[in-house]
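Everything below concerns the one structure shown next.
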Amino acid sequence: MGKKIMERISIMSYPYCHYSFEYFLNSMEKFNVKNIELWGGSPHIYFEDFSREKANDIKGRVASSGMKISAYTPEQVLYPYNIAAREPEIRKRSLDYFIKNIGIAAQIGSPIILVSAGWGYLDESREAAFDRSIGSMKTLAHIAQENGVMLALEALTKISSNLVNHASELADMVSAVSSTSLAGMLDVGQMAILGETVSDYFKALGKAPVYMHIMDGRPAGHLAFGDGILPVDKYIKEALDLGYQGIFSMEMNDRQYYLDPDRAISSSLAILQGWLTD
């Protein structure tokens, strides 16, 4: 792997949720990071507190730091939003939430917004919930296209969703929505938990994923490199060998890093540099 890959590394802001947005940016400058993935949750960016002035402030701060926003990820697992909900009022509220966040992504200049399929009740037909998710995703894809933003659909573990877990199910959802504004992405943590491989995603999607999350794990967890057992270096190499041209975004979101996220990011970047020089 070549050192130019460092230009395609991004850091997600989530582990800095107990620090100010300014502190996060200063840390990324210190680490000479070129790309950042912004988490959409309080206190950094939350749709209820957002404004045009805040969008301009974020764009200005990021630009003056010499960085680019690789993706925007509104919180969608911990918060009560579910685009596949059986209840119309919950589904509408969830769609409104994502529509507002698509607008935020466009305002801050993020080319990608991460989305998930939602979930259905375990005591109802999975197919019914899957169909509701498809309908919602079509609506969001249309809005995303109008805003010039790409939806990156992420598979989740079976604890978080019963709709899109495996690469094949991800491909089924992307195919069913059939929009140029929706594409599948790859999270190596979710992939490892379900016993799949990088090539499984490329084969299922018929092309490279639009975006990648990388982290260590056991296999679960969003751990710093070296704190788990996953062969992340091999995942990166395999993706590159298969023709991946996108961003590798480091998602070290485990709560153990909340008090000192700089340590997790610094040590992970050092390990990554070692892989790139091997």
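The values are calculated or read from the model by the stated rules, or taken from the named source; none is laboratory data. Predicted model, so just to flag it, every value in this text is computed and none were measured. Note: ideal-geometry Cβ built from the backbone for every residue, glycine included; neighbour counts use all protein chains shown. All accessible areas refer to the heavy atoms of the entire protein, side chains included, with ligands and DNA or RNA removed. Shrake-Rupley method; radii C 1.70, N 1.55, O 1.52, S 1.80 Å.
Give the dimensionless ratio obtained when the Cα radius of gyration of the chain is divided by 2.2 N^0.38 Å.
With N residues counted in the chain, Rg over 2.2 N^0.38 Å equals 0.95.
If I stretch the segment between residue 172 and residue 49 completely, what's the gain in nm (0.36 nm per residue apart, minus their alpha carbon distance), one decimal?
Full extension from residue 172 to residue 49 adds 40.7 nm.
Positive end of the charge dipole of the chain (Lys, Arg +1 and Asp, Glu -1 on Cβ, about the Cα centre): tell me which of 10, 173, 266 has its Cα farthest that way.
10
Given Cα pairs under 8 Å that are at least 6 residues apart, what percent is the relative contact order of the stretch 102-179?
Relative contact order for the stretch 102-179 comes out at 38 percent.
Between residue 258 and residue 124, what is the FRET efficiency for a Förster distance of 51 Å, r being their Cβ-Cβ separation, to the nearest 0.05?
For R0 = 51 Å, the calculated efficiency reads 0.90.
How big is D, in µm² s⁻¹, for the stretch 20-74 by Stokes-Einstein at 25 °C and 0.890 mPa s if Rh is the Kirkwood radius over C-alpha pairs?
214
Measuring from label point to label point, each 7 Å out along Cα→Cβ, what is the residue 270 to residue 194 span in nm?
Label-label distance for residue 270 and residue 194, simple model: 3.5 nm.
Of the listed pairs 203/234; 92/203; 54/92, which have alpha-carbon separations greater than 22 Å here?
The answer is 92/203; 54/92.
In 5 Å bins starting at zero, report the fraction of Cα pairs in the stretch 27-150 per bin as a rounded %.
2, 11, 20, 21, 17, 12, 8, 5, 3, 1, 0
Using a Debye calculation, one point per C-alpha and no hydration shell, please list log10 I(q)/I(0) for the stretch 1-98 at q = 0.10, 0.12, 0.14 Å⁻¹ in order.
So the normalised log intensities are -0.34, -0.47, -0.61.
Calculate, in nm to one decimal, what residue 23 and residue 245 gain on full extension: separation in residues at 0.36 nm each, minus their alpha carbon distance.
Separation in residues times 0.36 nm, less the Cα-Cα distance, equals 76.9 nm.
Tell me, what HN-Hα J-couplings in whole Hz come from the Karplus equation 6.51 cos²θ - 1.76 cosθ + 1.60 at θ = phi - 60° for each residue of the stretch 135-143, using x for Gly and Pro?
Listing the rounded values in order: x, 5, 5, 4, 4, 5, 5, 5, 5 Hz.
Let me see the pair-distance distribution of the stretch 113-158: every alpha carbon pair, 5 Å bin width, integer percents in order.
Here the calculated profile for the stretch 113-158 is 5, 20, 26, 23, 14, 8, 3, 1.
Compute the separation of the alpha-carbon centres of the stretch 225-278 and the stretch 34-94 and state it in Å as a whole number.
The stretch 225-278 and the stretch 34-94 have Cα centres separated by 23 Å.
Accessible area per residue for the stretch 1-91 in Å², computed with a 1.4 Å probe and the full protein assembly in place, what is it?
It amounts to 47 Å² per residue over the stretch 1-91.
Which of 100, 30, 138 moves the most in a Gaussian network model of the chain with Cα springs under 10 Å?
The residue with the greatest mean-square fluctuation here is 30.
Mind pulling up the Rg/Rh value for the stretch 85-171? Radius of gyration and Kirkwood radius, both on Cα.
0.98
Where q = 0.17, 0.20 Å⁻¹, what log10 of I(q)/I(0) comes from the Debye formula for the stretch 46-95, counting one point per Cα?
-0.69, -0.81
Can you give the charge dipole size of the stretch 124-278 about its Cα centre, rounded to the nearest 20 debye, using +1 on the beta carbon of Lys and Arg and -1 on the beta carbon of Asp and Glu?
About 160 debye.
Plugging the Kirkwood radius over Cα pairs into Stokes-Einstein for the stretch 132-193, at a temperature of 20 °C and a viscosity of 1.002 mPa s, what D comes out in µm²/s?
It diffuses with D of about 180 µm²/s by this estimate.
Output wanted: per-residue J couplings in Hz (rounded whole) for the stretch 190-205, from phi through Karplus 6.51 cos²θ - 1.76 cosθ + 1.60, θ = phi - 60°, x for Gly and Pro.
For the stretch 190-205, the Karplus curve yields 4, 4, 5, 4, 8, x, 9, 10, 4, 5, 4, 5, 4, 5, 5, 6 Hz.
For the stretch 93-102, take each phi angle, set θ = phi - 60°, evaluate the Karplus expression 6.51 cos²θ - 1.76 cosθ + 1.60, and give the result in whole Hz per residue in order, putting x for glycine and proline.
Per residue, the Karplus-derived 3J(HN,Hα) values read 4, 5, 4, 4, 4, 5, 4, 5, 6, 4 Hz.
Using only alpha carbon positions, build the gyration tensor of the stretch 143-243, then give the equivalent ellipsoid semi-axes as the square roots of 5 times its eigenvalues, largest first, whole angstrom.
Largest first, the stretch 143-243 gives 24, 15, 13 Å.
Starting from the amide H of residue 11, placed 1.01 Å from N in the peptide plane, find each other amide H under 5 Å away whose residue is 5 or more places distant or on another chain.
Distant-sequence amide H within range of residue 11: 35, 36, 37, 250.
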